[in-house]
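Okay, structure first, notes after.
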Amino acid sequence: MGLLDVFKGKGSSPVSFVREGGEAALGLAWVGGGLAVGRGDGSVEVLDGRTGETKRREVLHEDGLLTMAADPLGTFVLTGGADGKAILLDATTFERIKTIDTSAETKGAWIEHVAFAPDGNRVAIAAGKLVWLGQIRGGTDLTKLGPHASTVAGLSFRADGGAVAVARYGGVDLWTTDAQHQELLWKSSIISVAWQPQGRFLAAGCQDEAVHFWRLDASTDSMMGGYPSKPRAICWTQDGNQLASGGGFELVMWSFKGKGPEGTTPLILKGHEGLITVVASAPKDQRIASGGRDGKLLLWRPGRSEQPVLSLDLGDVVQSIAFSPDGRIAAGAANGTVVVAKLP
């Protein structure tokens, strides 16, 4: 395959392993047993985090897996599939703790979005125009929310886990855990959503090639436009001071320090040769990773350097990224390739 390794300041490769082949790696999650890989054939495979060898594998969705997430402690894995089912697994034993079948209530809609709250105690599952929200510990039933104005396009929990943001056409719905509802309206189709870690801002990628955000503590909103394509990939840095966004070949970083981004020029990070498809933030510092249609995984230190500090070529569209708690990064591609490397 020829992994391109442009690793700044080191003489040896940071790559721990490259696992080639298999179905598309649509989701990645670090779990207690290694690296969980959700693949397009409906399977979840757990790889040894050091060698890449398969430790476990099970087909969960016969019609294909579409999304996957793990709780912050890596003890649970939640998958969603084209069969309309969400399956909660014990990440170590692969015991099926809960199966939520939404197909009867959504007329067979796919489950394309699942999310864990940052504390790991709650989950949100989207199928069609409906969302299921609730706790996963203690056997509490999930609450059905909606129907929303359109098919749900994204989910993001508030940092304390007490509310979830639901992206859809015409805005974002905010739901608290006791089913209180608030609408944030915008005349566009919202295709991605990300709640700032500190909770003050909610950012959303829009169909009309812009990023919209709301100041939740002041009930005001604003928009940043000029993207060449739809910004489906957005995320916040860990400190909440910057918003990373795709929507083109360049990673656009908006500063939310002080009065906010209005009237300012964003930091533009150049390195991709194809549209950015996924972005992710490191859990303990301000590093940002981006993956693109050019097959590249790039790692950035915004504010320190405008050049990537790590560059890996996976050979196909990068579809998933996951940072580990112990200083590694994993990326998965449409060709099935999975790469794990140490962080610089």
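At least 1 residues being buried (at least 24 other Cβ atoms within 10 Å of the Cβ) and among the hydrophobic types (A, V, I, L, M, F, W, C) is the threshold, and among the strands (runs of 3 or more DSSP E) wholly inside segment 265-315 those reaching it are 276-281, 288-292, 296-300, 310-313.
Of the residues examined, E262 is not one that is at pLDDT 95 or above, acidic (D, E) and surrounded by fewer than 22 Cβ atoms within 10 Å (Cβ to Cβ).
All conditions in (1) more than 20 Å from D90 (Cβ to Cβ); (2) without any contact (Cβ under 8 Å) to a residue 12 or more places away in the chain hold for D141, with the sole exception of (1).
Matching residues to (1) surrounded by fewer than 21 Cβ atoms within 10 Å (Cβ to Cβ); (2) in a loop (DSSP other than H, G, I, E, B):
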site: D83; (1), (2): no, yes
site: L89; (1), (2): no, no
site: F94; (1), (2): yes, yes
site: K98; (1), (2): yes, no
site: D119; (1), (2): yes, yes
site: V123; (1), (2): no, no
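Here the strands (runs of 3 or more DSSP E) wholly within segment 204-253 that include at least 1 residues being buried (at least 22 other Cβ atoms within 10 Å of the Cβ) are 210-215, 234-236, 242-245. Restricted to segment 44-60, and to residues there that are in a loop (DSSP other than H, G, I, E, B) and of a type in the set (D, E, K, R), the residue that is surrounded by the most Cβ atoms within 10 Å (Cβ to Cβ) is D48.
Considered as a group, the residues in segment 164-203 that are at pLDDT 95 or above and of a type in the set (S, T, Y) include one that is surrounded by the most Cβ atoms within 10 Å (Cβ to Cβ), and that residue is S192.
Within segment 125-142, the residues that satisfy the criterion of being closer than 25 Å to Q196 by Cβ and either at pLDDT below 95 or part of a loop (DSSP other than H, G, I, E, B) (or both) are G134, Q135, I136. Return yes or no: is V114 aliphatic (A, V, I, L, M), surrounded by 21 or more Cβ atoms within 10 Å (Cβ to Cβ) and farther than 17 Å from S324 by Cα? The answer is yes for V114.
The values are calculated or read from the model by the stated rules, or taken from the named source; none is laboratory data. Values in this document were obtained by computation on a predicted structure and should not be read as measured data. Glycine also receives a Cβ, built like all others from the backbone with ideal geometry; neighbour counts cover every protein chain displayed.
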